[in-house]
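Worksheet: the structure to be examined is printed underneath.
The values are calculated or read from the model by the stated rules, or taken from the named source; none is laboratory data. Computed from a predicted model, the values in this text were never measured in an experiment. Glycine also receives a Cβ, built like all others from the backbone with ideal geometry; neighbour counts cover every protein chain displayed. SASA here: full protein model, heavy atoms, side chains in, ligands and nucleic acids out. Shrake-Rupley method; radii C 1.70, N 1.55, O 1.52, S 1.80 Å.
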Amino acid sequence: SPPPLPTHISTSQPPRLLRLAFLSRTTLLPLSQGETMTTQTDLEKAFRKAKKAWKVDKENKKLKKEMRAAKKAWEESKSGDAADEKEAPKLDVAALEKAFKKAKKAWKENKGDKALKKAKNEAKKAWEAAKASSESEEKTEDKSDSVDIESLKEAVKKARKEFKADKTNKAAKKALREAKKALEEAEAKTNGEVEVEEKETPTDVGSKRKREEEEEETKEEDDGANAWASMSAKKKQRSDPVEGEPNMKCFVGNLSWDIDESQTRAFFKDCGELTDIFWLTDRETERFKGCGFITFDSIEAATKACEKNGQDLMGRPLKINYAKPRPDKDRKRTPKKGGGPKREPSERPAGGTTTVFVGNLSFDIDDDAMRGFAKGCGEITNIRWLTDRDSGDFKGCGFIDFASVEGVDKFITEKNGSDLMGRTIRIDYAKPRV
């Protein structure tokens, strides 16, 4: 059965001492000879016992007073528990050690005193428990540091993998260097805090060797990437010799898919006046091929343009040569402004047709602009713009239906090769569907 509530515990007992007794969960060294601190469990049992004794004799004022004092002591110990949980204080190992030494000294002076011996043993137990708890917290902190280093190692591996996937990615390269630097700093800090040198195990040696090999590999990759970038830069600066016989027309290749006439004219404005720009497109799909022909007002201007061979336009080094003249075409013909020479339509179908194909259209074209362009040729009954099946983007071409065959013939004769919204449009008889 639990011991009775000591007579010295009262409402004047300092709450701090009660909390300390609760935290240690054991009986500690008395503050002064004859004063013993008890645990919260003992206080609860003492209160219940005092209450039971008072219920037997409720007229006994002394028992009632003792019961109330025991209840108050127990409640104060519980309130101290709540406060300690909020504050979460750490046990003072040094103070507990000092208390143990003091109890030990008191017991040595009177070894026959069982109470002093018990107090000494409990003080020792409390000190050892606090010391073990403190050591456990330190080990937890060390483990936390180890986890941090392991996470940094994982970050290095991840950054290295991303860099290997695209060695030209400067952001990935920078991330790899920063991850390696963070790992090195963390390892250096950890090694500086640990004074005792540990003997390297075969596993440690193998890991170190593997890390050194990886670092050497990364260095070689960096050097290789730098060499490749340097070589690419030199290749861009070095332009191939210009081909062809000097004339006013130049071939321009390796163009960006986003190029337009205004950007082209701005690039060649210091060479001379451009009289024509003609983009090469696929005959079936009408898609831009990434190349074309530009015509200047003089051979001198074309020569200056060819000197730009290899220069960068919209992120791509251009390939510029003199255009090779076609032997079956009139070399002295000057194309109309806005997109190259006029293309002759195909053979007129027997009996004619009421539908025409229109190509090389501006991407800003609309029904109203086309109807205004065809005004005077005949009534247009329908306009169909061709779009990409997947993206829905306009292909730059379409079909126009006229009310009569005569309207189609007139539209092709008068408008084929004409300029519409800055582009030389191509008009042809629509092929009948098979």
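Worth pointing out:
- Yes/no for Lys153 being open to solvent by 70 Å² or more (accessible area, probe 1.4 Å) and modelled with pLDDT of 65 or more: no
- Index of the failed condition, Asn247 passing every other in (1) part of a loop (DSSP other than H, G, I, E, B); (2) at pLDDT below 90: (2)
- Complete set of residues in region 274-291 that are in contact (Cβ under 8 Å) with a residue 24 or more places away in the chain and under 23 Å from Ser346 (Cα atoms): Phe278, Trp279, Thr281, Thr285, Glu286, Arg287, Phe288
- Subset of region 261-271 [at pLDDT 90 or above and surrounded by 15 or more Cβ atoms within 10 Å (Cβ to Cβ)]: Thr264, Phe267, Phe268, Cys271
- Test: Gly206 is over 23 Å from Ala305 (Cα atoms) and either in a helix (DSSP H, G or I) or modelled with pLDDT of 80 or more (or both): yes
- Top-ranked residue in region 401-434 [being of a type in the set (Lys, Arg) and surrounded by 16 or more Cβ atoms within 10 Å (Cβ to Cβ); ranked as farthest from Gly378 (Cα to Cα)]: Arg423
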